[in-house]
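**Student:** Dropping the structure in here first, questions after.
No lab work stands behind these numbers, since they all come straight from the coordinates. Quantities reported herein were computed from a predicted structural model and do not represent experimental measurements. Because the Cβ atoms are built from the backbone with ideal geometry, glycine has one as well, and the counts that use them run over all protein chains shown.
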Amino acid sequence: VAAGHDAGAPPLEPLEVMVILGFARSTHPLCADADTVFEVVDGSSRLYCQPFDATEGTTMWQFSFPIATADAAALGARGGEAMREEALRRCAGWMAPVEELLSATSADDVTGYPVFETQLGDESPLLGGRAALIGDALHAMAPFKAQGANQALLDAVALARALYDSAAGDAAAD
């Protein structure tokens, strides 16, 4: 069970993936351009980068890779420098500007954690009766490319349509 997880909540299932996040100040054209997002993959690991603060030239990066959950937790406990070094080791030989970007990241600007998911059933104690969950609260997806926020928008439309088409929606329309 993950640290801080409520024992009465549905179990968390480890995905055997770690996410390391960092903020770098790099002058490489791919990083310094406030309009450029890029992603590098090698078949099992993924580095996603996007502008964070154009005035400071800061790029946010997210590196995800397969690793046993216990090893990911241990790596995270060793701190920012250990996680940055692990990202550099795993990305050695990748295209420019990956090494420059990771090297330009202060250990104080690095965090990371193992990734978990959960399944919410109809009897979930998290729901506590009638509730509508949307986005990653419902789908419990990994934190990549704002998928939870995007899914929440789609879910909100689906929920609005369902309510509109339901007896509750008909009563509300009167």
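**Student:** Expected output is a single nm value to one decimal: the length gained when fully extending between R46 and L133, i.e. 0.36 nm times separation in residues minus the C-alpha distance. What is it?
**Tutor:** Full extension from R46 to L133 adds 28.4 nm.
**Student:** If you don't mind, there's one more thing I want to ask. Given a Förster distance of 30 angstrom, what is the FRET efficiency for S166 paired with E117, based on the Cβ-Cβ distance and rounded to 0.05?
**Tutor:** Plugging the Cβ-Cβ distance into 1/(1 + (r/R0)^6) gives 0.55.
**Student:** I would also like to ask the following. Take D35 and A156, extend 7 Å from each Cα along the Cα→Cβ direction, and tell me the distance between the two endpoints in nm.
**Tutor:** 2.7
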